[in-house]
């Protein structure tokens, strides 16, 4: 473990002591497993009733509300907490390890890199500082060994990253993912354009379109190919700002597009050329891969009869699919990662980020098919060890690699 306490460094004097939070990983496990949920909820509510100034309890309640599906109410409670306190702290293990300061933006669970999940099993201390507008000065934040710009890009036009451009160039500690413009570039159409015609990476043609444009396509007034030379039916349409398959549909012809629009109220959509990535057995396989300091780690692999694969709705109760995932995870470095090492290198070089994730698959001709790249993909170790005994070694390796990467950057920062 890196001994940062013994290293000399200029002090950073911050605002009052951060509010204590149980943390995203603990609360996520409570919701996922369910057996402690009522007890934890009752304890948090009791704390808040007995002490309305317990902002940590209020903040954790906002997170639980979102995790339980009450997104709007959760965001309302979060806003009330942030109106009184901007910093929150979660301690892992002994808390004597790396002191990490994460810059985050107010919002739902997809707004920021879920760092707390990645720190499970460590002795790290995570302090979250919620930014609104420009970044604070170093004198306004708690002491830390390394900082992390954890705000993800937002398709719905969030200003969070735009307000932070160049703010961390002279920060006195290393800032992981510290270039806001690189995170902002991870839009669906931006990623697709970056790899147009690439020999190893397939990122299907994607365009952001207004409803009126799509209605013109339905009417035959505009051809999809006129909007992008590689855009054609079948297409995948999704509302701007949607996640986890909400509003996502495959449309085979203009008539399907017309029916889709008639059932949606949104004004803008992403439209992507559909790529059939089914395997010879007719099943679809999708992986989540996380890149830490340029090194690739597998987070999961899902197998499904449906083209729209999400791990929670995939056919992963099938023992044969679990066995396949176990083999992929155990042999990832010498298997999938080796096959796509050139593609992985291209992703790391193009994005220029210390940390990011992708959802991906393999095309029928063996290339890497990238569906999405983001810094806020959920990566966790909450799955049952009884059902998925093969996952813990892979996630332990990923989490250890993440901590090691942060320690290495902190050490280089001290040396500099």
Separation of alpha-carbon centers, the range 44-60 and the range 314-337, rounded to whole Å: 42
The range 346-416 - percent relative contact order, Cα under 8 Å, separation 6 or more: 18
Mean separation of Cα contacts under 8 Å, 6 or more apart, over the residue count of the chain: relative contact order %: 15
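Using Cα pairs under 8 angstrom and six or more residues apart, how large is the relative contact order of the range 19-178, in percent? Can you show the working numbers first?
On the way: 263 pairs, mean separation 32.7, N = 160.
It rounds to 20 percent for the range 19-178.
For a quick check: sort 166, 360 by the number of other beta carbons within 10 angstrom, fewest at the front.
On the way: 166 11, 360 25.
Fewest-to-most ranking of 166, 360: 166, 360.
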Cα centroid of the range 216-239 to Cα centroid of the range 115-180, whole Å: 38
Degrees separating the helix 319-330 axis from the principal Cα axis of the chain, which is the longest one: 60
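Pull out the extension gain between residue 342 and residue 109, defined as 0.36 nm times the separation in residues minus the alpha carbon to alpha carbon distance; nm, one decimal. Mind dumping the intermediate values first?
Working: separation 233, 0.36 × 233 = 83.88 nm, distance 3.21 nm.
Difference between extended and current length: 80.7 nm.
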Evaluated over the chain, the Cα radius of gyration and Dmax, each in Å: 22.1, 70
Estimated [θ] at 222 nm from DSSP helical runs (n ≥ 4, -39500 (n - 2.57)) normalised by residues in the chain, nearest 500: -9500 deg cm²/dmol
Pairwise centroid distance, computed over Cα atoms, of the range 67-107 with the range 283-311, Å: 27
Taking 50, 43 and counting other C-beta atoms within 10 Å, the order from fewest to most: 50, 43
With Cα atoms, 0 to 90° folded angle of helix 341-351 axis to the chain main axis: 70
Value of Rg/Rh across the range 205-271 [Cα atoms, Kirkwood radius]: 0.91
Segment residue 196-residue 132, length gained on full extension (0.36 nm per residue, minus Cα span): 19.6 nm
Distance (nanometres) between label positions extended 7 Å along Cα→Cβ at residue 333 and residue 229: 4.2
Inter-site label distance for residue 259 and residue 17 at 7 Å from Cα along Cβ, in nm: 6.1
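So if I take the alpha carbon set of the range 41-139, get Rg, then get Rh from the Kirkwood formula, what is the Rg over Rh ratio?
Values: Rg = 13.9 Å, Rh = 14.4 Å.
Over the Cα atoms of the range 41-139, Rg/Rh equals 0.96.
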Cα gyration tensor shape of the range 301-383, rounded if a/c is under 1.5, else prolate or oblate by comparing a/b with b/c: prolate
Extension gain, residue 307 back to residue 123 (0.36 nm per residue minus Cα-Cα distance, nm): 62.2 nm
Gaussian network model of the chain, springs between alpha carbon atoms under 10 Å - residue of 387, 202, 77 with greatest fluctuation: 387
Residue 246-residue 213 pseudo-label distance in nm [points 7 Å out on the Cα-to-Cβ vector]: 2.3
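Do me a favour and compute the ellipsoid semi-axes for the range 224-328 from its Cα gyration tensor, root of five times each eigenvalue, largest one first, whole Å.
Details: eigenvalues 171, 55, 41 Å².
Computed over the range 224-328, the values are 29, 17, 14 Å.
What ranking do 311-321, 137-147, 389-399 get when scored by the average of other Cβ atoms within 10 Å per residue, highest first?
Details: 311-321: 14.0, 137-147: 19.2, 389-399: 17.2.
So the peptides 311-321, 137-147, 389-399, ranked by packing, come out 137-147, 389-399, 311-321.
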Angle between the chain longest axis and helix 24-33 axis [Cα atoms, degrees, rounded to 10]: 60
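No lab work stands behind these numbers, since they all come straight from the coordinates. Everything quoted here is computed from the prediction, not taken from an experiment. Positions of Cβ are generated from backbone atoms using ideal geometry, with glycine treated the same way; all protein chains shown enter the neighbour counts.
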